[in-house]
Each structure stands twice: as structure tokens, then as C-alpha cells.
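Below is one structure, written out as C-alpha cells; comments come after it.
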Amino acid sequence: MDKFRITGPTRLSGEVAISGAKNSALPVLAACLLTPEPVVLHRIPRVRDIGTMRRLLQHNGATITEREDGALVVHAAEVTQPEAPYDLVKTMRASSLVLGPLVARTGRARVSLPGGCAIGARPIGMHVTGLEQLGARMEQSHGYIEATVPDRLRGCVYTFDRITVTGTEDLLMAAVLADGETVLENAAREPEVVDVAELLIRMGARIEGAGSSTIRVRGVGRLHGAEHTIIPDRIEAGTFAAAAAITGGEVRVNGCEPEHLTALLSKLRHAGVTVIEEGKSLLVKSSGKLASVDMETQEHPGFATDLQAQFMALMTQAEGISIITERIFENRFMHVLELARMGANIRVEGQRAIVAGPRRLTGAEVIASDLRASASLVIAAQAADGDTIIDRVYHIDRGYEKIEEKLRGLGARMERIEAK
């Protein structure tokens, strides 16, 4: 397995360009299964999860070509194998995103239960019950969800028991080809949901309310091809903002959407970080003196759970006690022990992590347990004395495009140690 060697401390400075959002690109790619016509997608990030989704779509029968300008052209003229086999998707939690499109397009689907990193349960049950309400017959056996529909899906009113981003996206994609109107209540409001809806509308879907808690879909008989540009990755942008702040640096984060980061930017400012919004850019400046701030993860527009670990790394260098509460996933404090190996003073009490700072961090050998935990270790290593060796960086490769190259461009002393 590849590793990172990071030598700190480093003051990051300069400019960094943000890639397309992985969490938007995955459902957008899945949506391409809904039409027999080509779909042209711009700003698809080159990360491990996207490579897995591309192989899955090709397994389903789609052809994928890359143009000279970097755009991907996805053409699912026929869906020959409406399944997501375990061997293909075991490393990716987003495998369930093809369930709705496959059922809507072909009337059947066989999808492996999601894999990926162990940060807690994902509510696949709401994908199942939602599709049942739309008229699909659902069965689970041997680690797979199997769905069949005798004719076409039919519209319904479905209320999610809890907010789920992938569940909202999956049922939204299924509903666009269902007979009649579908109303999704208690729907996720994340920007990635809106991005998927905008592509579907370009393909001919009739959708109202994306970005609110109630989405209305009037089903159509057929979708056509379209061209679409993926939104910027707000989690990547937030990660670089936290990295700038922990190092007392000055970094301009280009090609982002500041309105997608309102909760994080508010917390950074309360911590004493200067954040200047300039159109599609953020200028993040820090003197290195940070104040402790309490934070609680929530569904959008609250503080994103995918930025919790990075913010915790930042709070290890803040004066005082900060209490970080995780409301979305029950297992998302696995980075705490690794940060402690670097010198952090963090105590976990149930859903709360109590961080006392500032603490001098020192380089150590640590292990990445999941995608965002690995980002927190990369951030902490920028502020630590000496060498930090991060193992299992395939986790960070799942969601960050060329992260070591981008950080080196800001002055980080960082290298990848390739597995022999």
C-alpha cells in the first residue's frame, strides 16, 4: 500500500484549484444509465471512486470516452447487465446509486450492498422502502439487493425516516421515469442533490424543489442526452481552507462555491481565521493563533460531517477546549487515536470529542481509517514537527485528486512512497 511522508511544520501559501465534486460526480455518472443517448460531463475528478463507478457503468453496458478537453462522454445505448457485482463495488459506498436508475430503465437490478470505509451505517433501507413505494418488488439475499418491476414504476409520496443524500438521489433518479407524480419529503438539501437534479432537468426530467426538503417529480416517458458541468468539491475546498489555517498560512482557494461552505467559514472566522470571499474564490489567512470553537455536524446547510475530522485537526492547535459533536455517523471518530499518536489531547465521550489545545504535534507513523480521516492526518502533519508517515492512503485517493501535487504547490514537503 502507498504511504505519504510529510515533513513539518510548513506554512502553506499560494493558490490551489478545486476539482469537481466526487459526491456529485458519482450520482451524475449513475444518472447516465437513464438515457440511451450520450451524456457529456465536464469537471469529473480523477479519483479512485470515480474509476470504480466508470468500470461499473461499463459493466452495465455503457461506453465511456474521454475527449481532448477532458470531458467524459457516457453512452448507455443499451443496459446489458443491470447489476453491480461485489467484486467491482466493494471499495465504494456509492454502489447503491445505480439501483434506482437500473430499475427505472430496465425494470430490474441486482446491486451489492455498499462497501467502502467503516464510518457507520448508511441507510440503504430507505432506498429499498422508497423503491417499494414506487412499485418495485425488493428482495435481499447473499449480500445483494434485487429489484424487479413488472411494467413501470409509478409515482408515490415517500417520506424519508431520516435525511439521506444518496437515498434522495437514488429515488429522484428512479422517479423521473415513473408514471405520474412522485413527492419526496424530508429530502436531503445538499448542493450535490441539486447538481444531480440540474443534469436530470437538462435530460428532460420535470423536477421542482431540489435543494428544499420537498422535491416533486413528474415522470416522463424518456430522457435524452445532455451536457453538464459538475459543481466544485466543497469538501476539498474546506480541507484546503483548514490546512491553510492550521499552518498560519495564506492560501487562495480557486474555483469553489463559497455559499456551499457557509457553516465551515463561520466556524473558521470564530476561530480567528480571516476568510475573504471573492466570487468563486476564497482567501484564507491565519496568524497561527486560533481560538477554540464548538461544532456539531448536521445535514446541509449545517456543518458537513465530511469536514468534521479536518476541523478537529485544526482545533488541536486552538487555545482552550472545543467540543465536537458528530450527529451523522456513529463511527466517525476513528482518526482520534491517530491524532493522539501525534500529540493531540482529545477525549471521546459518545458522540462528542473534547479537544484541548493548543498541543505541540510531532511526526509519527499513523494509519488512515477512512477518506476524511486521512485528510485530517494530512492536515495535522503540516503543523507537526518532523516526519509523519501516513499508511493506507488509498482512502484519500478515493476522494482527493492529486492532493500531494496540490499541497506541494503550496509549499508542503510531501511525497508519496509507492508500495513495492
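Taking amide H as placed 1.01 Å from N in the peptide plane, the amide H of residue 159 sits under 5 Å from that of 185, each at least 5 places away or on another chain. Here the 3J(HN,Hα) profile of the stretch 242-253, calculated from phi with Karplus coefficients 6.51, -1.76 and 1.60 at θ = phi - 60°, is 5, 5, 4, 5, 6, 9, x, x, 9, 10, 9, 9 Hz, Gly and Pro shown as x.
In loop segments of the stretch 1-78 as defined by DSSP, the trypsin sites (Lys or Arg not before Pro) with at most 10 further C-beta atoms inside 10 Å of their C-beta are 67. Counting only DSSP H runs of at least 4 residues, each contributing -39500 (n - 2.57), and dividing by the residue count of the chain, the helix-based mean residue ellipticity at 222 nm comes to -8500 deg cm²/dmol.
The calculated FRET efficiency for residue 37 paired with residue 142, based on their beta-carbon distance and R0 = 51 Å, is about 0.90. Applying both filters, DSSP loop and at most 12 other Cβ atoms within 10 Å, to the trypsin sites (Lys or Arg not before Pro) of the stretch 72-113 eliminates every site. Using 0.36 nm per residue and subtracting the Cα-Cα separation, the extra length available between residue 394 and residue 352 on full extension is 12.4 nm. Under the simplified labelling scheme, the residue 334-residue 66 pair shows an inter-label distance of 2.9 nm, with each label point 7 Å from Cα along Cα→Cβ. Can you return the lysines within cross-link range of residue 402? Criterion is Cα-Cα under 26 Å, with same-chain partners fewer than 8 residues away left out. Straight-distance partners of residue 402: 3, 22, 90, 280, 285, 420. Once the Cα-Cα distance is subtracted from the 0.36 nm per residue extended length, the residue 274 to residue 413 segment shows a gain of 47.6 nm.
Model label points for residue 73 and residue 157, set 7 angstrom from Cα along the Cα-to-Cβ axis, are 4.5 nm apart. Remark: relative contact order (the stretch 22-229) = 21 percent; criterion is Cα-Cα distance under 8 angstrom and separation of 6 or more residues. Each Cα pair under 8 Å and six or more residues apart adds its separation to the average, and for the chain the resulting relative contact order is 21 percent.
Evaluating kT/(6 pi eta Rh) at 10 °C and 1.306 mPa s, with the Kirkwood radius of the chain over Cα pairs in the Stokes-Einstein relation, gives 73 µm² s⁻¹.
Here is the result for the stretch 225-271: no trypsin sites (Lys or Arg not before Pro) lie in DSSP coil with at most 14 other C-beta atoms within 10 angstrom of their C-beta. Stretching residue 296 away from residue 13 to a fully extended chain increases their span by 99.0 nm, per 0.36 nm per residue minus the current alpha-carbon distance. In a Debye calculation with equal point scatterers on the alpha-carbon sites of the stretch 1-107 and no solvent, what is log10 I(q)/I(0) at q = 0.13, 0.15, 0.23 Å⁻¹? Result of the Debye calculation: -0.53, -0.66, -1.28. By other beta-carbon atoms within 10 Å, ranking 13, 286 with the fewest at the front produces 13, 286. Placing unit charges on the Cβ atoms only, positive for Lys and Arg and negative for Asp and Glu, gives the chain a dipole magnitude near 520 debye about its Cα centre.
Comparing Cα centroids, the stretch 336-361 and the stretch 39-85 end up 41 angstrom apart. FRET efficiency for the residue 387 to residue 227 pair, using the beta carbon distance and R₀ = 51 Å, is estimated at 0.65.
The alpha carbon radius of gyration of the stretch 227-319, expressed as a multiple of 2.2 N^0.38 Å, is 1.02.
The mean sequence distance of close C-alpha pairs (under 8 Å, at least 6 residues apart), as a share of the length of the stretch 1-134, puts its relative contact order at 21 percent.
Distance between the modelled labels on residue 181 and residue 402, one decimal in nanometres: 4.8 nm (7 Å Cα→Cβ projection).
None of the figures in this text is laboratory data; all of them are computed from the coordinates on show. Predicted model only: the values in this text are computed from it and were never measured. Here the Cβ is made from the backbone with ideal geometry for all residues, glycine too, and neighbour counts use every protein chain on show.
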